[in-house]
Amino acid sequence: MTFDHHRAALAATMDQRGAWPARSSWIRRAVATLPRDAFAPDRLWCWDGYAYVPLDRSVDPERWATEVYASPDTAAVTQVTGGVPSSSLSAQGIVVDMLDSLLLEPGHRVLELGTGTGWNAALLAQRVGADGRVVSVEVDPELAGRAAERLKAVGAEVAVHVGDGAAGCPPGGPYDRVISTYAVDAVPWAWVEQTRPGGRIVTPWGHLGHVALTVADDGRSASGWVQGLATFMPARGTGPGRDFAEVRGDGPPTDERPVTRDIAPLRDDWHLLFALRVALPDVRITTAIDEDGVNTWLHDGITSWATLAATGDGGTIAFQGGPRRLADELERVWAAWLALGGPPLYDYGLTVEPERQYAWCEDAATGPRWPVRGRS
């Protein structure tokens with residue numbers, strides 16, 4: 001079975017969106033030469049509404065191909081651990097966007113963190129050519145082995161190492177470019193140390209977008225702008241913690257009050273959601289609509305929670321519990337964002353230094369800042 005019509009349909013959708021970057025025309029050629037299906041494992045995992053269930057190529061090749069080429073925004077889950085996705089074939093639109101942000105050139109030395117299926121590494125190798133070098137690090141030995149086999153099968157020269165991506169791969173450095181395929185809450189300083197001055201680091205950050213950082217001439221910092229919006233798989237060992245039900249418990253709320261603000265933007269205003277993620281990085285926000293309106297659930301994964309419940313008459317009631325008042329915190333951050341003019345996510349950036357890192361808005365030196373904490 002060939003997958004030409006699936007490949008063409010996905011490429012056409014990206015055409016319609018203008019998602020093929022003009023400044024990086026090499027990416028489209030590389031994707032055509034190295035299609036997704038050549039790197040997808042024979043077993044994928046699909047959500048059936050209750051759990052992830054296997055989808056085998058040998059059983060239903062057409063459905064398998066549809067999953068691989070679903071849309072520019074859809075990843076194909078390739079591994080499930082403990083009922084939760086732990087690896088994927090990343091969405092094509094996101095892969096293309098991040099490769100464009102990398103500003104990759106022939107002859108570059110590249111470090112990739114998170115080999116996964118090997119597809120992204122193969123695209124990197126296609127670009128850097130025989131005069132360049134691609135080193136890829138994967139924490140899962142089984143995934144690393146299978147990716148190495150796929151890379152060899154397509155003739156891609158990639159050195160695959162098993163290890164913790166947070167440590168990088170010092171023997172292969174210094175690198176001209178570093179790219180991570182998984183999200184980090186804080187950028188590991190090792191990535192900056194292993195990148196040459198003037199080099200570029202592209203990584204998903206904060207699970208909602210990716211940033212492109214340029215290493216300073218003295219090698220003592222890296223700074224740059226948010227490049228795009230997407231949801232990324234986190235680094236191994238950095239799961240969401242306790243869910244809302246566990247944090248909420250069975251006790252009554254300790255605070256109840258009306259909410260005067262329309263909370264509908266919490267459902268679909270990604271610029272607002274990004275600003276909230278920057279200022280309240282430990283707070284998880286979930287929304288849903290019922291016959292009464294938009295409802296929102298907040299929790300910090302530890303002991304504090306809040307519910308913004310629609311009342312059906314256009315109103316909303318906030319219920320809160322725990323030592324923090326998360327609904328109050330959310331409204332303060334929301335008001336501060338509006339006071340700045342409601343800047344889009346592209347007005348945010350990140351600066352990484354040896355002992356600290358911080359997000360900023362509009363200007364790295366003079367704009368408002370928020371400290372970045374969390375496991376790198």
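Values in this text are rule-based calculations from the coordinates and carry no lab data. No experiment lies behind these values; they were computed from the predicted model shown. Ideal geometry is used to build each Cβ from the backbone, glycine not excepted, and the neighbour counts take in all protein chains shown.
Per the Debye formula with a single identical scatterer at each Cα and no solvent contribution, what log10 I(q)/I(0) holds for the chain at q = 0.06, 0.11 Å⁻¹?
-0.25, -0.83
Kirkwood Rh over Cα pairs of segment 10-94 into Stokes-Einstein at 37 °C, 0.692 mPa s: D in µm²/s?
Rounded to a whole number, D works out at 238 µm²/s.
If you average over every viewing direction, what projected area does the convex hull of the Cα atoms of segment 244-339 give, in nm²?
Result: a mean projected hull area of 5.9 nm².
Can you give the angle from 0 to 90° between the axis of helix 4-17 and the longest principal axis of the chain, with both taken from C-alpha atoms, to the nearest 10?
50 degrees
Each label point is 7 Å from the Cα along the Cα-to-Cβ direction; what then is the distance between the points at residue 159 and residue 288, in nm?
Calculated label separation equals 5.0 nm.
Rounded if a/c is under 1.5, else prolate if a/b beats b/c, else oblate: with a ≥ b ≥ c from the C-alpha gyration tensor eigenvalues square-rooted, which is segment 1-142?
Here segment 1-142 falls in the oblate category.
Between residue 193 and residue 363, take the C-beta separation as r, use R0 = 22 Å, and let me know the FRET efficiency to the nearest 0.05.
0.25
Let me know the charge dipole size of segment 4-229 about its Cα centre in debye, to the nearest 20, where only the beta-carbon of Lys, Arg (+1) and Asp, Glu (-1) is charged.
480 debye
Contour minus end-to-end for residue 13 and residue 130, with contour as 0.36 nm per residue of separation and end-to-end as the Cα-Cα distance?
38.9 nm
Answer with one residue from 167, 335, 93: the one whose Cα lies farthest towards the positive end of the charge dipole of the chain, charges on Cβ with Lys, Arg +1 and Asp, Glu -1.
167
Work from the charge dipole of segment 181-310 (Cβ charges, +1 for Lys and Arg, -1 for Asp and Glu, about the Cα centre) and give the residue of 275, 295, 307 farthest towards its positive end.
The Cα lying farthest towards the positive end belongs to 275.
Could you give the length gained on full extension between residue 167 and residue 268, defined as 0.36 nm per residue of separation minus the Cα-Cα distance, in nm?
32.8 nm
Given a Förster distance of 30 Å, report the FRET efficiency between residue 149 and residue 56 from their Cβ-Cβ distance, rounded to the nearest 0.05.
Efficiency at R0 = 30 Å is approximately 0.95.
Assigning unit charges at the beta carbon (Lys, Arg +1; Asp, Glu -1) and nothing else, what dipole magnitude in debye, to the nearest 20, does segment 244-339 show about its Cα centre?
Its charge dipole is roughly 340 debye.
For segment 47-133, what is the relative contact order in percent, using Cα pairs closer than 8 Å and at least 6 residues apart in sequence?
Reported as a whole number, the value is 20 percent.
Using 0.36 nm per residue, how much length does the chain from residue 231 to residue 261 gain when fully extended, once their Cα-Cα distance is taken away?
Answer, rounded to one decimal: 8.1 nm.
Out of the DSSP beta bridges found with both residues in the chain, what percent are antiparallel (nearest 5)?
Antiparallel bridges: around 75 percent, rounded to the nearest 5.
Round to the nearest 0.05 the FRET efficiency obtained for residue 340 and residue 2 when R0 = 41 Å and r is the Cβ-Cβ distance.
Rounded to the nearest 0.05, the efficiency is 0.20.
What ranking, highest mean first, results for peptides 53-65, 248-260, 162-174 when packing means the other Cβ atoms within 10 Å averaged over each residue?
With the highest mean Cβ count within 10 Å placed first, the list reads 162-174, 53-65, 248-260.
Using Cα pairs closer than 8 Å and at least 6 residues apart in sequence, work out the relative contact order for segment 176-216, in percent.
Relative contact order here is 43 percent.
Relative contact order for segment 4-229: what percent, with Cα pairs under 8 Å and sequence separation of 6 or more?
In percent, rounded to a whole number, it is 14.
Of 370, 344, 354, whose Cα points farthest to the positive end of the dipole of segment 263-376 (charges on the beta-carbon: +1 Lys, Arg; -1 Asp, Glu; origin at the Cα centre)?
It is 354.
To test your reading of the geometry: what angle, between 0 and 90 degrees and rounded to tens, separates the Cα axis of helix 326-339 from the longest principal axis of the chain?
The angle comes out near 70 degrees.
In whole Hz and in residue order, list the ³J(HN,Hα) couplings for segment 243-250 that follow from phi through the Karplus curve 6.51 cos²θ - 1.76 cosθ + 1.60, θ = phi - 60°; x for Gly and Pro.
So the J values, rounded to whole Hz, are 7, 4, 4, 5, 5, 5, x, 10.
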